1. With a 1.4 Å probe and all protein chains kept in place, how much accessible area does Ser189 have, in Å² rounded to the nearest 10?
2. Protein chains only, probe 1.4 Å: how do Glu109, Glu266, Glu259, Glu125 rank by accessible area, largest first?
3. Could you pull out every residue, at least 5 positions away or on a different chain, whose amide H is within less than 5 Å of the one on Met274? Hs are placed 1.01 Å off N in the peptide plane, and Pro or chain starts have none.
4. Please list, short to long, the whole-number percent of alpha-carbon pairs of segment 129-170 in consecutive 10 angstrom bins beginning at zero.
5. Where the accessible area of segment 107-158 is counted over protein heavy atoms with a 1.4 Å probe, how much of it, in %, is carbon and sulfur?
6. For a test of the definition: using alpha carbon positions, the gyration tensor, and the 1.5 limit on a/c, classify segment 314-353 as rounded, prolate or oblate.
7. Placing unit charges on C-beta atoms (Lys and Arg positive, Asp and Glu negative, everything else neutral), compute the dipole magnitude of segment 251-386 about its Cα centre in debye, rounded to 20.
8. How big is D for segment 203-263, in µm² s⁻¹ as a whole number, if Stokes-Einstein is applied with the Kirkwood radius of its Cα pairs at 20 °C and 1.002 mPa s?
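The values are calculated or read from the model by the stated rules, or taken from the named source; none is laboratory data. Here the structure is a predicted model, which means the values were calculated and not measured. Every residue, glycine as well, gets a Cβ built from its backbone with ideal geometry; the counts of neighbours run over all protein chains shown. Areas reflect the complete protein model, heavy atoms only, side chains present, ligands, DNA and RNA absent. Shrake-Rupley method; radii C 1.70, N 1.55, O 1.52, S 1.80 Å.
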Amino acid sequence: MASRYESRRHGSRVAERSLEGKWLLWVALAAMNAWHASAFSTAFKGGVLFQSSQFSRQLRTYTRAGHDQAGPQLRHTSRRALALSACEDGNADSFLLSFDGVMCDSARESSRIAFNVACEQWPEEMGKTTKINPREAGVRKSWVEYDWSEYEKQRDEDIPRWLEEKMRQLRPVTSSSSEMVLAARLCVSEALAARRSTRGQRPLTVGEIVENWDEMRDMLYVRYGVTADALEAKFRAHSAEWRQMDKRHWLELSPLNQELVRAARETDATVMVMSTRPRRFTRGVMDAAGLPIPDDHILQVTAGDTGHAVTELLTTLPDKRLHIVTDQLDELKAMAGDLRLVTAGNVQLHFATWGYNTPSQRAAVACWPRVRSTTLDDLTVMLNGG
């Protein structure tokens, strides 16, 4: 009797543990689903926009299997396999690549123009730049391969080397030309304030600026008494003047990614480019690199409204899958929550890991089911049809 009683009690404990395990599994899955769905601020509740994503499909399979199996495992798909799966239709796919950051490293060119615009806008403050010691400017040796003497060298007569390197580090958040001008003024003002300080004040670090840029940007427009439109107009004027006077030097500071150029030349897929810059700028750089692209394949977009331009583009590509590759986090977030693109069913969003981005941005994208983190190797594989 005692042994049967103990056996029943043992069986009861096993059943309780099994039931408890299933409840914990359901709670964990519900929490995961809710957390991923909340990653996007959309007008739709319950993650409706992500029901067709690979993550949601895997999650539903995992949930169903939880009824019958104690320890089901999600299938982990390698980054290489994701790249290959994007080419199920081969070269019938179309690719829309962001120009700045993805195709072209324009950091030096844009930093120089932004500095010149800032000098024109605030001549007194920016004129003191030559008095700033790089050691007082909040820069790091790691940016110049741990050779501090590199900051003493004047690589470009129009902008101090320390400022050029600091603005490059800020490029992931200064996506518009007006923001680049603000960043140039901010970096100089911070360095001058630290120089005058008698209490050991230091300039804001790049990390501090990057993490708080969304709040700082609007405040800086007010503090410096300027508007985005005014700064962008001056930026375009300086760029056009420089391009006309010294086109060779201008092209040298706007190099294209040669690996992408080779892949785009050899692919049979349709390759298009999108940029907030004037079409003539994009055209000039592409032609100089020997990569001519038809005018109708250069999509000029407005910052913050890429989804509208892409929606119009989709009407010309009814039977093709469109891969959108960009390094702009805000644009990706907006497109991932754009119902027009979601319902189209033939759009795949890619975050270009080699572009202008930060570790925190790459970590954030990893939690977005509708966006794939794509390396340069992944993209070249897709362009080559797998």
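1. Solvent-accessible area, nearest 10 Å²: 20 Å².
2. Order by accessible area, largest first: Glu266, Glu259, Glu125, Glu109.
3. For Met274, whose amide H was placed from the backbone, the distant partners under 5 Å are Leu97, Ser98, Phe99, Leu299.
4. Taking all Cα pairs of segment 129-170, the binned fractions are 30, 65, 5 percent.
5. Carbon and sulfur atoms account for 40 percent of the accessible area of segment 107-158.
6. oblate
7. Result for segment 251-386 is approximately 180 debye, rounded to the nearest 20.
8. Answer from the Stokes-Einstein relation: 144 µm²/s.
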